[in-house]
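Reviewing the structure listed below.
Taken together, the values in this text are just the output of simple stated rules run on the coordinates, not laboratory data. In this text, all values refer to a predicted model and were calculated from it rather than measured experimentally. A quick note on method: Cβ atoms are made from the backbone with ideal geometry, for glycine too, and the neighbour counts reach across all protein chains shown.
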Amino acid sequence: MATSSVRLGVDIGGTFTDVVLEHSGQTFSTKVLTTYTAPEDAIIDGMHQVLAKADIKPSQIDQIIHGTTLATNALIERRGAKTALITTEGFRDVIEMRTESRFEQYDLNLNLPEPLLPRQMRFTVKGRVDANGHVLIDMDRTEIEAVVDQIAAMGVESIAVGLIHSYLNPTHEKLVREVIAEKLPNVAVSISSEVSPQMREYERFNTVVANAYIKPLMASYLGRLEDRLKNEGVSCRIFLMHSGGGIISIQNAADFPVRLVESGPAGGAVFAAHVAARYGLDKVLSFDMGGTTAKICLIKNQTPKTSRVFEVARTYRFKKGSGMPISIPVIDMVEIGAGGGSLAHVDAMRQIRVGPESAGSEPGPACYGRGGENPAVTDADLVLGKLDPDNFAGGSIKLHSEASKLALSNQVGDTLEMDAVGAAFGVAEVVDENMANAARVHAVENGEDLSEYTMIAFGGAAPLHAARLCEKLGVDRLLVPEGAGVGSAIGFLRAPFSFEANRSVYMKLSDFDGDRIRSLLTDLKAEATGFVRTCDEVSPILSEFKVYMRYTGQGWEIPIELTEDQAMNPDVGTFEARFIEDYSKLFGRPVQGMDIEITVWSVNATTPPEKVARISETNGGDAAPISDTRPIFDAASAKYLDANVVNRLDMAVGARAAGPVAIVEDETTIIVPASRNAIRQPDGCIDVVTKG
Amino acid sequence: MTNEHSNVAYQVMWNRLISVVEEQAQALVRTAFSTSVREAGDLSAGVYDVGGQMLAQAVTGTPGHVNAMADAVAHFIRRIGRPNICEGDIYITNDPWEGTGHLHDITMVTPSFHNGTHVGFFACTAHIVDIGGRGFGADAHSVHEEGLYIPIMKFADKGTVDETLTRIIRGNVREPDQLIGDVYALATCNEIGHRRLIEMMNEFDLVDLAGIAEFILDNSRRATIERIAALPQQSATGEMTVDGFDSPITLKVKVSVEGDKIVSDFTGTTGLDKKGINCPLVYTKAYACYALKVAIAPEIPNNAASLAPFEIVAPENSIVNALHPAPVALRHIVGHFVPDAVFDAFDKIVPGLVPAEGAGCLCNFQVSLRPRTDAPAPINARRSEVLTFNSGGSGARPDHDGLNATAFPSGVMTMPIEATEHAGPVIIWRKELRPDSGGAGKTRGGLGQYMEVGAQEGHEFDIQAMFDRVDHPARGRRGGGAGAPTTIVQDDGGTMNGKGKQFVAHGRKVVMAFPGGAGYGDPSERSVDLIKRDLARGYISAKTAAQDYNLSVAEIDEVQAAVAKGEMI
């Protein structure tokens, strides 16, 4: 990768398509509106813009890395292919019955999300495997043929195959695929033992169905994109960012499109990890706040934390359980409905509530003057002096403070007997508290103490709120990198080639079988390495080994990282010691006398991470030139303070600015409260640290 | 700070306390051994002021703990005695009457001290795997047979754990390591809450919780009373009969809206059962209160003030107010039916708000597997206990169909069958929706489900059935039809009972059909599009479409032809 000198990162988001070109150490970027009907149009447009800025030709591009929300959107908007599921007899309704619970207990009119495939598109066959992987009932080829004929008559474009315990024994799923391939060679097939070989039928079946559902759409899009780029004179290979924070080939992406879900946010986490590496920071909290949501991710040792399952397409106030689970390797993030456009109201308990409803871009927050009557977070930020009404988005949108005040008074202040300023303070504090709570819970779930962390903030609204979050979380240092508006696309260019293979196999430490472990991990390593090799024929490939362990009887596994030596020469004592070490760290104390078991095994193959040069940090020099002053509300002391205004572009390396100060640029404003000082570091980051 | 800004600070603190208890509950879910906690969310956690008033409670899998938790700390204060409450103490009980309704729930309370001053309490409850006695089932004749009873007492005194108590616990239960593990998990979860509370008190410079407590309780009380005051000031009576163990049980309740409170009076309800399906008042109160709150004030968080206006009256030693020493292990069966009985009354006060009857109690069963005894068993055959949670259909709502195979009023989750089959040599042959089981109506009842259970080759088993609605299916509302009843038989046709421990021989399977929810409104008013959709999906058969909904033969043929061609309906 390091040999490529001209690289293009492309991130298709919900509103904008971001394009970043790196060439000989220089970065050129642009944002163009996403073109929903033909997303490749925006890419071509954006590409030509950055090529023109850099003055190079399409044929000179050495590598393109692409991430997209198209897969996620197709799932959310149910725009996938006509798809059928073939599953085990007796289990036709697994994807519909979910967990048999209500994700919101206090709503009598609750409706559960519809499964991706209605019941008439779900078919069963008799073959059955047991929990040891042994065949209980043989698969009957004639029966499969009859089912496939029935499906054929329905004009199906894609078929998912998900059978009970197939993660232990995939032969029945492979037989079904073989029959489909013979009878319906043009229909796409996805089998659960390949897409997501993990125990728990609901998650696995839903994942294979999601993969099948978006496969034709994504394959066709990726094919078109390749053709268009070729026509424009691009001759390099194209790679895709996956949700686990690495890149895969366009062919793998077309086969496993479900792995592309969440590729944009994954790019953001990789971006933050790269900043962390420049500063040698081992404990980082990335904070990305946009118009409708905020995302928070823990980055330890410059590596974003990953997980095996996540939920996509939440339908009910971002509530856990209201979406559908996808079990694939993914960067672990919390996402809450809190952004600049999030709307505020007062509930029956006279409590201020913010989000997840958003003002969107039409009518937008009240201050846009487009008829919005409900106050958004942006309105509160404006009233509190955090935004300059005449210099929002580089002056392109004029903000109306009076409209904000009116909305805040009408919808919040009047009920609570507060003026507009008190209401704005309340709204800002509630949204910041919501985000801080999400970060705290996430940290506790991972056994981490945030006071040891540094925050890295990006996304349009994050710099306005990040320092207050730091105050609430006891975090002393905040970095706001350059290029924060196109952070995900820059992150794509920093990601290694990687692929994680995993499998569910139960093993108690009392039945520890070293030979079996070695063979299992060797297989997984070969599988994962194979994927990476298709992307990069020469680089060394590293393998990262992880097993998920718990006390027998518990329902929650914790990931245990193993060295290659520990993995390839498995020793029961080492496994036990590693588990007890990590368990004690998370939960305080180990439990005596319980057997321990391993449930999931995983190997992540990756090219070596890009060598990152440590920057030489400055402790600051001269004060930055002050362009203006204005009163900005200081949440910690609950009053307005006279604050300086500094242009980010006027800050030379080492320039200092003491809080309270607003550091302004076209895309956003960094609010540095009275408790903190800011220094511009050599890489362009604004480094905001606690005074004294 | 001006008054306005302290109001903002209180807003933030209330949010924080709710987050603290959610975090406290999450810590428990991750470390508990009990299946019902980790898989099903059968737990609770809360924070209290120094007077024992609950300020915030985590929203977890079961409403059954709602009021029990609110009342519990007051019992602890009374039993331990204020002068004996010291920093470093941890208290414990599983008293069904002063805790949460049966010996299988352990409640632990930890006083919180800030700068040497007692400022509040944290409490949490979890359903544990085993507490000795006869095991989890309805077979006991008194609470003495149901297991070890731990009165309210100190588990730790000024930081020192009572080793005598832990030895007694260990000596009386089947899974001592797991249970002690769970006890420590409960203690840790309170500790996590305590640490976060102290952080908050430091951040906001609080010396006690009096101010924030008043803010939370005043606002919650006012909001709840506003909702109650807006209701018609009337009384109405509801009634429902269910199977019970050996003889049917009638739940009778008079709901009265009286100004600033709602009283639910269970006078007229059946007396105690000989078997352990009796329900202590605290658990009845929880579900009655849940039913009313979910109907009229769903978004008001649970705390002392928002729960206080819901009053419960029940005659002593009726099945909904079982006194010591009645057996109460399976108190959930009656408890889960309480909301349907309350809804029957409330629907007469505010029509068009509450659903028709649903499956009600969870369709749980436990299988005890062992090597076959009728012939030589294979060498690898083993003993194992496997518990599963399953749900029937919920009742149709005025404007929405009932939910298919979804728990109500309980909020617990089922387990993946792949996980269940790893827990022991059991085979789940079928777990899928049960067509035609949802009661017909303008809105249809939720579908129940089929399950078939057998054992791996070489094993036989006992099944402990905990099902109801065999003889008393869910009743429809406003012209809606009844849901389908529970059925249970062996695959060779051998009959079985809805409740109790029953033997299943080698090679046999148990075939179960769990009940559907009832319908709401006249089926003739159901939209034809929805009837066709239900037929296309197979939620209803062609026969039901014709009989219950008057779909013509031509329309039925048209739907079936469209399905075969893959057209979406």
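Sorted on the mean count of surrounding Cβ atoms within 10 Å across their residues, most packed first, peptides B:370-379, B:314-323 read B:314-323, B:370-379.
Couplings 3J(HN,Hα) of segment A:360-371, computed from phi: x, 9, 10, x, x, x, 4, 5, 5, x, 10, x Hz, in residue order, whole Hz [Karplus 6.51 cos²θ - 1.76 cosθ + 1.60, θ = phi - 60°; x for Gly and Pro]. The modelled label-to-label distance for the pair B:ALA564/A:LYS126, using points 7 Å beyond Cα in the direction of Cβ, is 2.3 nm. The distance from the alpha carbon centre of segment B:439-475 to that of segment B:144-169 is 38 Å, rounded to a whole number.
Span-like helices, chain A: DSSP H, alpha-carbon axial extent 27 Å or more, mean Kyte-Doolittle 0.5 or greater, which ones?
Details: long enough: A:201-231 (44 Å, -0.48); A:420-445 (37 Å, 0.57); A:514-533 (28 Å, -0.22).
What comes out of the filter, once short or polar helices are dropped, is A:420-445.
Close amide H partners of A:THR315, meaning residues 5 or more places away or on another chain with modelled amide H under 5 Å apart, are A:SER322, A:GLY323. For segment B:527-569, the dipole from Cβ point charges (+1 on Lys and Arg, -1 on Asp and Glu) about the Cα centre works out to 140 debye, to the nearest 20.
In this structure the amide hydrogen of A:GLY369, modeled in the peptide plane, comes within under 5 Å of the amide hydrogens of A:HIS400, none closer than 5 places in sequence on its chain.
Averaged over peptide B:412-424, the number of partner chain Cβ atoms lying within 10 Å of each residue's Cβ comes to 6. Exposure proxy ranking for A:LEU85, B:LEU209, based on other Cβ atoms within 10 angstrom of each Cβ and starting from the fewest, stands as B:LEU209, A:LEU85.
Nearest 20 debye, what's the magnitude of the dipole of chain A about its Cα centre given +1 on Lys and Arg Cβ and -1 on Asp and Glu Cβ? Numbers along the way, then the final one.
Working: 67 positive and 92 negative charges, 35 e Å.
That gives a dipole near 160 debye.
Positive end of the dipole of segment A:633-690 (Cβ unit charges, origin at the Cα centre): among A:ASN647, A:ILE663, A:SER637, the Cα lying farthest that way belongs to A:SER637. Compute the FRET efficiency between B:ASP157 and A:LYS585 as 1/(1 + (r/R0)^6), taking r as their Cβ-Cβ distance and R0 = 41 Å, and round to the nearest 0.05. Efficiency at R0 = 41 Å is approximately 0.90.
A Cβ-based charge dipole, computed about the Cα centre of the protein assembly as shown with Lys and Arg at +1 and Asp and Glu at -1, lands at about 760 debye. Each residue of segment A:497-509 was assigned a 3J(HN,Hα) from its phi angle through the Karplus curve 6.51 cos²θ - 1.76 cosθ + 1.60 (θ = phi - 60°); the sequence is 6, 7, 8, 9, 10, 9, 8, 8, 9, 7, 8, 7, 5 Hz, with glycine and proline shown as x. Within 10 Å of the Cβ of each residue in A:343-354, the mean number of Cβ atoms contributed by other protein chains is 5.
Run the numbers on chain B and let me know its relative contact order in percent, using alpha-carbon pairs under 8 Å that are six or more apart. Could the numbers behind the result be given before it?
Working: 1490 pairs, mean separation 67.2, N = 569.
About 12 percent, as a whole number.
The lysines whose alpha-carbon is closer than 22 Å to the alpha-carbon of A:LYS386, local same-chain residues fewer than 8 away aside, are A:LYS295, A:LYS398, A:LYS405, A:LYS472, A:LYS639, A:LYS691. Counted by Cβ distance under 13 Å from A:ALA461, the other residues give a net charge of -2, where Lys and Arg count +1 and Asp and Glu count -1.
Ranked highest first by average number of other Cβ atoms within 10 Å, how do A:54-64, B:164-174 line up?
A:54-64, B:164-174
Dividing the radius of gyration of the alpha carbons in chain A by their Kirkwood radius gives 0.98 for Rg/Rh.
Projecting label points 7 angstrom from Cα along Cα→Cβ for A:LEU542 and B:ARG134 puts them 6.1 nm apart. Estimated at 0.36 nm per residue, the fully extended path between A:ALA526 and A:GLU114 surpasses their Cα-Cα distance by 144.5 nm.
Across segment A:32-70, the residues whose backbone nitrogen lies under 11 Å from the label position 7 Å along the beta-carbon direction of A:SER235 are A:59-61. Structure note, pairs B:LYS154/B:LYS293; B:LYS293/B:LYS431; A:LYS215/B:LYS565; A:LYS320/B:LYS293: Cα-Cα distances above 24 angstrom occur for B:LYS154/B:LYS293; B:LYS293/B:LYS431.
Residues whose amide H falls under 5 Å from that of B:ALA56, counting only those 5 or more places apart or on a different chain, are B:VAL47, with hydrogens built in the peptide plane.
Can you give the FRET efficiency to the nearest 0.05 for B:ASN550 and B:ASP399, using r as the Cβ-Cβ distance and R₀ = 30 Å? Mind showing how you got there, number by number?
On the way: r = 22 Å, r/R0 = 0.73.
So, using R0 = 30 Å, E works out to roughly 0.85.
Please work out the FRET efficiency for the pair A:ARG614 and B:PHE204, using the Cβ-Cβ distance as r and a Förster radius of 35 Å; give the result to the nearest 0.05.
Working: r = 39 Å, r/R0 = 1.12.
Computed FRET efficiency for A:ARG614 and B:PHE204 comes out at 0.35.
Subtracting the Cα-Cα distance of A:SER519 and A:ILE626 from 0.36 nm times their residue separation leaves 32.0 nm of extension gain. Shown for B:GLU525, A:GLU226: other C-beta atoms within 10 Å of each C-beta, ranked fewest to most, produce the order B:GLU525, A:GLU226.
Placing pseudo-labels 7 Å out from each Cα toward the beta carbon at B:ARG370 and A:TRP556 gives an inter-label distance of 3.6 nm. For B:LYS261, the aspartates and glutamates whose Cα comes closer than 14 Å to its Cα, not counting residues fewer than 8 places off in the same chain, are B:GLU226, B:GLU311.
When both segment B:215-242 and segment B:342-413 are represented by their alpha-carbon centers, they are found 28 Å apart. Separation of segment A:403-477 from segment A:143-190 is 50 Å, based on Cα centroids. Between the residues A:ASN231, A:ALA131, A:VAL179, the greatest Cα displacement towards the positive end of the dipole of segment A:118-232, with unit charges on the Cβ of Lys, Arg, Asp and Glu, is found for A:ASN231.
Length gain on complete extension for the stretch A:LYS53 to A:ALA577, per 0.36 nm per residue less the alpha carbon to alpha carbon distance?
Details: separation 524, 0.36 × 524 = 188.64 nm, distance 5.59 nm.
Residue separation times 0.36 nm, minus the Cα-Cα distance, leaves 183.1 nm.
Among the residues of B:172-185, the average count of other protein chain beta-carbon atoms within 10 Å of the residue beta-carbon is 3. Taking each of A:LYS82/A:LYS546; A:LYS230/A:LYS305; A:LYS174/A:LYS525; A:LYS230/A:LYS611; A:LYS57/A:LYS305; B:LYS252/B:LYS275 in turn, the alpha-carbon distance tops 27 angstrom for A:LYS82/A:LYS546; A:LYS230/A:LYS305; A:LYS230/A:LYS611; A:LYS57/A:LYS305.
By the count of neighbouring beta-carbon atoms within 10 Å, fewest first, B:GLU175, A:GLU576 end up ordered A:GLU576, B:GLU175.
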